[in-house]
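For reference, the structure is listed below as structure tokens.
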Amino acid sequence: MYYYVYLIQSLPYPDQRYVGITQGLNNRLDVHNSGGSVHTAKYKPWELVMYFAFKNESKARHFEKYLKSGSGRAFAQKRFWISDLSFKNDEAMLNRSM
């Protein structure tokens, strides 16, 4: 079983971004897009920008916490988020198990 740290971005409001953790990536995206999450319902629909798979729950939670910190947000802004909803060509990071 994997723990996924994911980054999603609102399609109608590209400045609205969300970082989360789940064990069911597709189901969780469906929850966000159906309005089932209080934090994201107002800005649906959402697009999955990137995710990271971890075998270790503790490492996944630590990485999610980092991405939500000031330095982690700056890192994600520089490496992953860009205004046209596509991410920088960093295929080595996509789907990498940590």
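The values are calculated or read from the model by the stated rules, or taken from the named source; none is laboratory data. Small disclaimer: the values here were computed from a predicted structure and weren't measured. Note: ideal-geometry Cβ built from the backbone for every residue, glycine included; neighbour counts use all protein chains shown.
Here is how the numbers come out for the structure above:
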| quantity | calculated |
| --- | --- |
| Residues of region 16-56 classified as surrounded by 15 or more Cβ atoms within 10 Å (Cβ to Cβ), in contact with a Phe, Trp or Tyr (Cβ under 9 Å, 6 or more places away or on another chain) and either more than 25 Å from ALA74 (Cα to Cα) or charged (D, E, K, R) (or both), total | 3 |
| Every residue from region 25-56 that is in contact with a helix residue (DSSP H, G or I) (Cβ under 8 Å, 6 or more places away or on another chain) and among the basic types (Lys, Arg) | LYS44 |
| Residue within region 6-24 that is small (Gly, Ala, Ser), assigned to a loop (DSSP other than H, G, I, E, B), in contact with a helix residue (DSSP H, G or I) (Cβ under 6 Å, 6 or more places away or on another chain) and at pLDDT 95 or above present | no |
